[in-house]
Structure formats: C-alpha cells, structure tokens
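Everything below concerns the one structure shown next.
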Amino acid sequence: MIVQTAADIARDFGPEYWREKDKKHEFPEDFWKSLVEAGFTGIVVPEKYGGGGLGMFEMVLAMETLVSEGCGLAGEWFLCLSSVFGGLSISKHGSEAQKEKYLPQIAKGLEFCLALTEPDAGTNTLNIKTMAVKDGEGYLVNGQKMFISGADRAKGALLVARTTPADKAAKRTLGLSLFVVDLPDPAVEIISIEKHGINYSKTFEMYIENLRVPAENLLGEADKGWYSVLDTLNPERMSFSAAACGLGLLAIRKAVDYAKERKVFDAPIGSYQAVQFPLAEAKAKIEATRLLNYKAAMLYDKGQDCGAEANMAKVAAVEAGTSAVYHAMQAFGGYGYAVEYDVERWWREVNLIRLAPVTHQMALAYIGQHVLGLPKSY
Ligand SMILES: Cc1cc2nc3c(=O)[nH]c(=O)nc-3n(C[C@H](O)[C@H](O)[C@H](O)COP(=O)(O)OP(=O)(O)OC[C@H]3O[C@@H](n4cnc5c(N)ncnc54)[C@H](O)[C@@H]3O)c2cc1C
C-alpha cells in the first residue's frame, strides 16, 4: 500500500515539476501537502501521537518509490529532514512531554532540520565547538553550523552541541548533547549557501548567538548525545541509500525507454552492448543494494546494531546509483546534457550522496575498522 501510494504521488509530481522547481529555486508546497495528506510525514511517528506507527523499513520503501517513480532526490530529502531528524529522533529519545508537543505536529507536516555539521569540525563530529552552557533553568547556546538544509522553513531543529568541552570530558565520545530547538529565533541567523543541485530546498550557514534553550528541550541525557546522534545518522544513511538506488532506477528506466527508440545507425542504440550492458550491470547492483539497505532498516527497527549494514549499503548505493545515472546520461548522448531530459539534474543530485550525509571515504573507513577489524585508518 505504501509503495502504491508513493507511486501515485510521484506520478502527480513527475520530472517536469522538479525541473521547474529546481530552476526557480522554489519550495514544492503542493508536493509537501500531498506527503502530509498521505500520512507519509508521520510514517515513523507512533500511532499514539497521530502517526503510522511504522518503521525505517516502510520509510525506505516510501522514499525509494517516490524517488524512482519520478520525484528524484526530492522524494527522499524532505522526509529525511522532517520525519527522520525530527520524527524518528524524538520518537526514540524524546521525553513524554517532547513527544506530545512535537510528534503530532510532525505527522501533520511540521518541518524540521538537523544542525550538526560545523565549519571547523566537518566529518570529525566529535570536534564540534558549539557550546550549550547551563544557565539558570536552561542552556545558553553559542556557535556556528554549516550546511543546514531546510533551516529557512523549519520550525524545529535537532541541534547537536557540546555541554562539556572535549578536553574536560572523561571520554571523547562524552560531552555532546542533543537539543530540540524551536525556530525561528532571533538568536539564530542563517545565510543561504548557493549550491550545485537540489535547488528546490535551501541549505544554510547558521550563526547561533546567546540562544536560550529551556532545560526541557534537552533530548535524552546530557553529555551522552553521541550515542543518540549515531542512532539518527544510521537511518539518515539508509534514507540516502534509498535515494541513490531510486535515482539509479529512475535514470535507467528513462534511458531504456530512450535507447529502445533512438536509432542513429540501423538498430536502436539499446541493442549495442556498450549502451545496454552498463545499464544492465547497474540495475543488478542496485537490486542487490536495495536488499542490503532493507536489512539495515529491519535491524534498526528491531533495535539491533545496524552500523555495518547501514554503511555498507551507503557505499554500495553510491557506487550503483552514480554508475546508473552516469551510463543513463551516456545513453542519451548530447541530450543527456540538456536540462529538458532531466538526467543532468539526477546526475547533480546523485553526486551529493557521495559527499553527504557521510562521505564515501568515512563510510569505507567505518567498514574497514568495524566490519573488517583493520586498524583505524586515520
Ligand atoms: C547539500 C548539502 C546538504 C547538507 N545538509 C546538512 C544538514 O542538513 N545538516 C548537517 O548537519 N549537515 C549537512 N551537510 C553536511 C555534510 O554532512 C558534510 O558536508 C559532510 O559530512 C562532509 O563534511 P565536510 O564537508 O566538512 O568535509 P570534510 O570533513 O572537510 O572532508 C573533506 C574530504 O576529506 C575526506 N576526509 C576527511 N577526513 C578523512 C579521513 N579521516 N579519512 C579519509 N578521508 C577523510 C572526506 O571524506 C572528504 O572527501 C550537508 C552537506 C551538503 C553538501
């Protein structure tokens, strides 16, 4: 049912719609409304709080279908920002009061963002400098964040800050805390970052100066936020793996349709092995990756360790998805470079997944160290 509903929505918001939104740098209001009406923004929100009471597996199915049936990366992006960063994190780590306050609203389409990355820390999350200092009944937060997507529209941010400086913490992994911050707030200034793709959603630098956060907005235990962050980053990886697979499938389908029709010598170009085999190989790799990603999501939903599967699926999805879009673009020849054929947009989109949410290198480093048992590579 989820797949069918996602496919129906995607048909209403096909490639032409996203071509226009990307070009005009315009938020897709009507698409978002459709996701809310279909209950997709509440998939992972427990039924008690007005959601679907389902898990990451169903979320991955919805994302994959929305992306592959025509929405491109947008089919994953907005659900990840609000439902994974907001819905999933609060469902898993929130207090009863936080759940009652935010979850019913998230199910109804309240937008969220994740404020984790910092300019000087980058991939090295434990090095973040944003500090939340105990001040009376709450916390006073100061710092700077980088690449915060959706911060212009978000009414809530999942903010990661240090409550104990790294040099004073008993362990490096201690001293981080998670907060749910209500936005907008005059203490939070955002500046848009012009980017390569996904222009229907904006990404920002964020400057936080003397932001007051009430104590009840601390998510989970103070100083132990690192473990909850990991619990959010794994589903984020699954979401982007679903997106890479979906983008690959979408590009392959369009390329196959084109390659069946296009004749420049005697036969359709799809009959030439140089065009056909790379698409066939990419399809095989995507289908295998989907299963690995489903496994990661199912382990997560059962509360089991899913780090190995989430990172391996991310690595495999980036390779398979990027290769699929690359060869699809090649099948289109010069038309692959024309905006009208959409594949250039999917190329811009799929390449993000090599850089974010975790870089390809860091996902490989995780597998090397934690799956293969090799020495830490950095
Ligand atoms: C469009 C976009 C949207 C984003 N949205 C969000 C968001 O909503 N919220 C948020 O918090 N963040 C967001 N990010 C940030 C994203 O997660 C980071 O860009 C990403 O984690 C990489 O960090 P960095 O850019 O600082 O790269 P760096 O950490 O500076 O890394 C640079 C390069 O060095 C490599 N490298 C670094 N250390 C090692 C090592 N030890 N071994 C091997 N290679 C290494 C990396 O793999 C990478 O290739 C977004 C980024 C983009 C581009």
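The values are calculated or read from the model by the stated rules, or taken from the named source; none is laboratory data. From a predicted model like this one, the values you see are computed outputs, not experimental measurements. All Cβ positions, glycine included, derive from the backbone under ideal geometry; neighbour counts span all protein chains shown.
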Q. What single numbered condition from (1) more than 16 Å from the ligand (Cβ to nearest atom); (2) within 22 Å of Ala284 (Cβ to Cβ); (3) hydrophobic (A, V, I, L, M, F, W, C) fails to hold for Ala363?
A. (1)
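Check Lys134, Lys145, Lys99 and return the single one that is assigned to a strand (DSSP E or B), more than 17 Å from the chain's Cα centre (by Cα), of a type in the set (D, E, K, R) and more than 7 Å from the ligand (Cβ to nearest atom). Steps first, answer last, please.
Details: Lys145 fails: more than 7 Å from the ligand (Cβ to nearest atom); Lys99 fails: assigned to a strand (DSSP E or B).
Only one candidate passes the filter, namely Lys134.
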Q: Filter the stretch 70-96 down to residues that are under 18 Å from Leu159 (Cβ atoms) and within 16 Å of the ligand (Cβ to nearest atom), then give me how many there are.
A: 10
Q. Does the stretch 334-346 contain any residue that is at negative phi and within 16 Å of the ligand (Cβ to nearest atom)?
A. yes
Q) Of the residues Ala161, Ala157, which single one is within 30 Å of Asp22 (Cβ to Cβ), surrounded by 22 or more Cβ atoms within 10 Å (Cβ to Cβ) and within 15 Å of the ligand (Cβ to nearest atom)? A) Ala157
Q: Mind counting the residues in the stretch 4-49 that are more than 19 Å from the chain's Cα centre (by Cα), of a type in the set (A, V, I, L, M, F, W, C) and over 20 Å from Glu349 (Cβ atoms)?
A: 1
Q | Filter result (of a type in the set (A, V, I, L, M, F, W, C) and more than 16 Å from the chain's Cα centre (by Cα)) within the stretch 105-126 | A | Ile106, Ala107, Leu110, Ala121, Leu126
Q) If Lys314 passes every condition in (1) of a type in the set (D, E, K, R); (2) surrounded by fewer than 22 Cβ atoms within 10 Å (Cβ to Cβ); (3) within 16 Å of the ligand (Cβ to nearest atom) but one, which one does it miss? A) (2)
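The rows are residues; the columns are (1) more than 27 Å from His360 (Cβ to Cβ); (2) modelled with pLDDT of 95 or more; (3) crowded, with 18+ Cβ neighbours inside 10 Å.
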residue: Phe85; (1), (2), (3): no, yes, yes
residue: Phe112; (1), (2), (3): no, yes, yes
residue: Lys134; (1), (2), (3): yes, yes, no
residue: Tyr139; (1), (2), (3): yes, yes, yes
Q) So, in the stretch 14-38, of the ones that are in contact (Cβ under 8 Å) with a residue 60 or more places away in the chain and assigned to a loop (DSSP other than H, G, I, E, B), which residue ends up farthest from Leu110 (Cα to Cα)? A) His25
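Somewhere in the stretch 163-172, is a residue assigned to a strand (DSSP E or B) and at pLDDT 95 or above? Before the answer, list the steps.
Keep residues of the stretch 163-172 that are assigned to a strand (DSSP E or B), which gives none.
So far as the stretch 163-172 goes, no, none of its residues is assigned to a strand (DSSP E or B) and at pLDDT 95 or above.
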**Q.** Test for Asp257: is it farther than 20 Å from Gly87 by Cα, surrounded by fewer than 19 Cβ atoms within 10 Å (Cβ to Cβ) and in contact (Cβ under 8 Å) with a residue 40 or more places away in the chain
**A.** no
